[in-house]
């Protein structure tokens, strides 16, 4: 079997936060490779740097040192505006609290990232309807987030994340605010995205059940990354 | 889904707050518009002045007369096209609170210089023939319910006694910048009556009104006239009609400045109110702006959302305020017609209203937009949930 190409390549990544006069190292000399189509879970105690690493990979935070290459692009070298354009095309975000815009319908929320593309209204509609069909919410496209359950909202968020067909999906505690059944639905959906659509997912989670859906689990502790091989993938 | 739709939906997320902000802007723009109209009304006489009309009065003060004999001497001065004259009467109609401008003048020559005053031919002919005849502006006649043929009695203050006039004409203005609240009558009637009573103002006038051939020679002609009467018993002071009107306003300049200041204070206050609303709005939505930025929206998109909302709310209030200014000004104008004969909402006032609203919207959005643009995405996302 051919080895899949590396889509995320992290080298010597360091990040420090300043609290008052004190410098707190959050990530220390991280090296990490993620293959295309891989589903990676990042685990670790609170404050271990999981979300910081995810934010750096997603291009919404800046590293102090080191390199992050995604799909061949060195994102640490990108300026703020270039980074915004890169995010729009290459990263899909799934958050713990869904982060949908409450005054927009499910359709409009999913359409949001497409507004930054040159697609026509009709093309946008096709993409949005396809994405909502993938998450089984085509019949709820005119509903506002407040009219949907937590699980449904998270599925809308996933549709928003995949609608631009991004290079990677980053998920920060995607099941953290869901009941068991809804969490299972969301995790199954994420598995489908990997298996059927070949998406690459990096997921931060505290939930071992969620982590076990991943191909690979990495543990972060005090900013240091340790491999935790997943059995039987 | 368009950004404009999102701006519209965002604007009404807190309906009560938006309603109160719009109401605040409406009241502020209404107050601003009315105060600016008061200032315009103050200068209405100045604005209505013609550049080809000069006024010659006694150099000491307007309360001192000039001999009628100056008329012919003035007429002979180079650049003078026509001369007329008038005398302030200052009569009271029934009660002092019924104040209106009333003066005597020589109608043929005087009104020839005021083409903006329109009197129907039949009324004009009667007025010219009737020594005791008088003409009143349309608004003044309406105010007191006067009709053609009514006898109007004014109680003299400068010239004591009860003076009866027959209302022979009611004039209209050529446009809405013309004062329609004045009352005038024949100078001859005043003069003859004073003569009979042996009073000191006989054959004297309060001012000469002079028409010149070219507005560019106003200063030269004024100098020539005043030079002509230098070292006489009644030296003259000649100025343009505009300067003459301004000399009255300068006495009340402090009030006008105060009104102007108050109008800008109102705008400043509403700016603070809208800025407060926008600051609250932006603070509540910092998480959402972080989401937009996460999705790849740029700083100008975020600034556009905030500025758009500020503009929408402010302009909605401003449009309502402007629309209300017209009926409010009409009501004010009617109630205060004795103080402000012309009380029209000028185009300049509307432009100022719009500029003020735009400035308010822009300034109010400035800090919230700056804050939303500069917040780190990771920090903004922590505010969600």
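Any read-out appearing in this document is the output of simple, stated calculations on the displayed coordinates, not a laboratory observation. From a predicted model like this one, the values you see are computed outputs, not experimental measurements. Don't worry about glycine lacking a Cβ; one is built from the backbone with ideal geometry, like all the others, and counts go over all protein chains shown.
Every Cα-Cα pair of the protein assembly as shown was included, and the share exceeding 46 Å stands at 47 percent.
The gain in end-to-end length when the residue B:155 to residue B:376 segment is fully stretched comes to 71.7 nm, 0.36 nm per residue minus the alpha carbon separation.
How far is the Cα center of the stretch B:135-158 from the Cα center of the stretch A:4-44, in Å? One Cα centre to the other: 92 Å.
Relative to the dominant Cα principal axis of chain B, helix B:253-284 is inclined by about 10°. Relative contact order of chain A, taken over Cα pairs closer than 8 Å and 6 or more residues apart, is 28 percent. Using a 10 angstrom cutoff on alpha carbons, build the Gaussian network for chain B and name the most mobile of B:296, B:333, B:287. So, out of B:296, B:333, B:287, the one fluctuating most is B:296. Averaged over the residues of B:289-302, the number of partner chain Cβ atoms lying within 10 Å of the residue Cβ comes to 6. Which residues among the stretch B:28-64 fall inside the zone where the amide N is under 19 Å from a point 7 Å beyond the Cα of residue B:265, along Cα→Cβ? Residues B:28-40 qualify, since their backbone N sits under 19 Å from the label point. Could you tell me whether the stretch A:1-113 comes out rounded, prolate or oblate from its Cα gyration tensor? Rule is a ≥ b ≥ c as square roots of the eigenvalues, rounded for a/c under 1.5, then prolate if a/b exceeds b/c, otherwise oblate. Oblate, since a/c reaches 1.5 and b/c is not below a/b.
Per residue of peptide B:3-13, the mean number of Cβ atoms on other chains within 10 Å of the residue Cβ is 2.
In chain A, the longest principal axis of the Cα atoms and the axis of helix A:121-134 are about 70 degrees apart. Using every Cα-Cα pair within the stretch B:232-341, state what percent have a distance larger than 25 Å. Everything past 25 Å amounts to 55 percent.
Largest GNM mean-square fluctuation among A:143, A:215, A:127, using chain A with Cα springs under 10 Å: A:143. Compute the angle between helix B:299-335 and the longest alpha-carbon principal axis of chain B, please, reported from 0 to 90 degrees and rounded to the nearest 10. The helix B:299-335 is inclined about 30 degrees to chain B. The antiparallel fraction among DSSP beta bridges confined to the protein assembly as shown stands at about 70%. A simple packing score, the average count of other Cβ atoms within 10 Å per residue, orders the peptides B:366-373, A:163-170, A:106-113 as A:106-113, A:163-170, B:366-373, with the highest score first. When a/c reaches 1.5 or more, the comparison of a/b and b/c decides; with that in mind, is the stretch B:57-156 rounded, prolate or oblate per its Cα gyration tensor? Because a/c hits 1.5 or more and a/b fails to exceed b/c, the stretch B:57-156 counts as oblate.
Normalised by the number of residues in the stretch B:60-234, the average gap of Cα pairs under 8 Å and 6 or more apart makes the relative contact order 34 percent.
Summarising the strand pairing of chain B, around 80 percent of its internal DSSP beta bridges are antiparallel. Spacing of the modelled spin labels on residue B:253 and residue B:326, each 7 Å from Cα toward Cβ, amounts to 3.6 nm.
Looking at the stretch B:60-234, the DSSP beta bridges with both ends there are about 70 percent antiparallel. The value of relative contact order for chain B, using C-alpha pairs under 8 Å at least six residues apart, is 29 percent. Ranked by the mean number of other Cβ atoms within 10 Å per residue, highest first, peptides B:248-258, B:151-161, A:8-18 order as A:8-18, B:151-161, B:248-258. Each pair of Cα atoms in the stretch B:60-234 enters the Kirkwood radius, and Stokes-Einstein at 25 °C and 0.890 mPa s then converts it into a translational diffusion coefficient of 143 µm²/s.
Averaged over the residues of A:95-107, the number of partner chain Cβ atoms lying within 10 Å of the residue Cβ comes to 4.
Between A:210, A:157, A:79, the GNM of chain A built on Cα springs shorter than 10 angstrom shows A:79 fluctuating the most. Using alpha carbons only, how many angstrom separate the centre of the stretch B:239-313 from the centre of the stretch B:161-197? Measuring centre to centre over Cα atoms gives 48 Å.
Quick note on chain B: its Rg to Rh ratio, both from C-alpha atoms and Rh being the Kirkwood radius, is 1.18.
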